[in-house]
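To keep things clear, I will list the structure first and then write my remarks on it.
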Amino acid sequence: MLVLGIETSCDETAVAIYDGGRGLLAHHIYSQVLLHGEYGGVVPELAARDHIRRILPLIHQAIKTAGIHKKELEGIAYTKGPGLIGALMVGAAVAKSLGYALNIKTIGVHHLESHLMVSQLESPKPQFPLIALLVSGGHTLLMRVNSFKSYEILGETIDDAVGEAFDKTAKLLGLPYPGGPALAALALEGNSERFHFPRPLIDRPNLNFSFSGLKTHAVNCFNQHRQDPQTRADIACAFEDAVVDVLVEKSRRALEQTGLNRIVMVGGVAANKKLRHRLADTLKVLNAEVFYPRFEYCTDNGAMVAYNGWLHLMNGESEDLAIEVKARWPINEAF
Ligand code: KG4
Ligand code: ZN
């Protein structure tokens, strides 16, 4: 089955074409980073308007790259939520209209599930059941994944998402949006011994996270010291160390508590190298396997939507023509 996937939940317009037999045939992305950079964060109305400008040319480009005719498409998947409502509406409206025009099935998929399922495009693919650590700009979750569509939340953030904490701390340090990769790069210059940040909720037995205190800690640290380049790098390093330690320790406990020995890390923050290395080092000792998708599949992309949509369509699911999106949509309530 040949499926077009459309992702417009936030600040990336992304499109991909996936075929069950031939795999991923096209994969294009237009990032709005420059547009929002000027404002230091995503401006929802601008995001929606830019998706409108980019989406059709990107779909044409993907069809060309895949070397197919649009009439060969057999299904269309789009991100139904969670995300920015206006941005989601663009993808949903285009998917439904094109589905109607081509007389093919459409399916709205869950953004976080797409982040998770894209790991199945890698080889070797992680086998279920497993633990998923889902770390993005809007979410931080530890889940037990029994199989496709069977998700049990073990822990989640009680305040900021980890990507959000990276972005806010980066802004404080004067780094450009999106802050996560910029903060990680600055942290490489930092001295990890100079500042020690707290490890929030590490003493609690549950698997929840809290990151807003770390951001406040960074503000205080920044105000109390000379704000020279080395201090900024040292703060970035201490912040990143604290975040990584907490994520790795709670992931380790999730494996211990469930008796599972496999973990997959997905979402934008899964692109963080320190987190990848420390998680791998810790789990090696436990003889547990860790998987993460390639970098381009970690941050928002169309491949994850096309593949997840393909899974749902192959499962016999599809929708009517009504356009409905969900700004908030807990993954354990999605099925
Ligand atoms: O999954 P994603 O692209 O979008 C959402 O679904 O939110 O994640 C974006 C988040 C941003 O907060 C960004 O700063 C963060 O992922 N991020 C990183 C890195 N690359 C992206 N955070 C830390 N280190 C990175 N290398
Ligand atoms: Zn995402």
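Each reported figure results from applying straightforward, stated rules to the coordinates on display, with no laboratory input. Since this is a predicted model, take the numbers as computed values, not measurements. Note: ideal-geometry Cβ built from the backbone for every residue, glycine included; neighbour counts use all protein chains shown.
Applying both filters, DSSP loop and at most 15 other Cβ atoms within 10 Å, to the GluC sites (Glu not before Pro) of segment 138-216 gives E189, E193.
Taking the empirical scaling 2.2 N^0.38 Å for compact globular proteins as reference, segment 227-335 has a Cα radius of gyration ratio of 1.41. Under the combined filter of DSSP loop state and at most 10 neighbouring Cβ atoms within 10 Å, segment 195-282 retains none of its GluC sites (Glu not before Pro). Within segment 304-335, name every residue whose backbone N is under 18 Å away from a label modeled 7 Å from Cα of K125 along the Cβ vector. Only 304-317 fall inside the zone, counting backbone N under 18 Å. With kT/(6 pi eta Rh) evaluated at 10 °C and eta = 1.306 mPa s, and Rh the Kirkwood radius from Cα pairs, segment 223-268 diffuses with a coefficient of 122 µm²/s according to Stokes-Einstein.
Dipole magnitude for the chain: about 320 debye, using +1 per Lys or Arg Cβ and -1 per Asp or Glu Cβ, origin at the Cα centre.
Loop-located chymotrypsin sites (Phe, Trp or Tyr not before Pro) in segment 2-45 (DSSP state other than H, G, I, E, B) with a sparse environment of at most 16 neighbouring Cβ atoms within 10 Å: Y39. Taking the helices alone, the chain has a mean residue ellipticity at 222 nm of -14000 deg cm²/dmol, built from -39,500 (n - 2.57) per DSSP H run of at least 4 residues and averaged over all its residues.
Most mobile of I55, I202, I17 per a Gaussian network model of the chain (Cα springs, under 10 Å)? Top of the fluctuation ranking is I202. The smallest convex shape that holds all Cα atoms of segment 274-324, its convex hull, gives 133 Å³ per residue. Measuring against 23 Å, Cα to Cα, the residue pairs K70/K96; K215/K326; K250/K326; K96/K125; K70/K326 contain K215/K326; K250/K326; K96/K125; K70/K326 as the ones spanning a longer distance. At q = 0.10 Å⁻¹ the log10 of I(q)/I(0) for the chain amounts to -0.58, computed by Debye summation with a single uniform scatterer per C-alpha, solvent ignored.
An oblate overall shape is assigned to segment 1-147, the ratio a/c of its alpha-carbon gyration tensor axes (a ≥ b ≥ c) being 1.5 or greater and a/b not exceeding b/c.
Largest mean-square fluctuation among T79, T106, T216, in a Gaussian network model of the chain whose springs join Cα atoms under 10 Å apart, belongs to T216. Each Cα pair under 8 Å and six or more residues apart adds its sequence gap; the mean of these over the residue count of the chain is a relative contact order of 26 percent.
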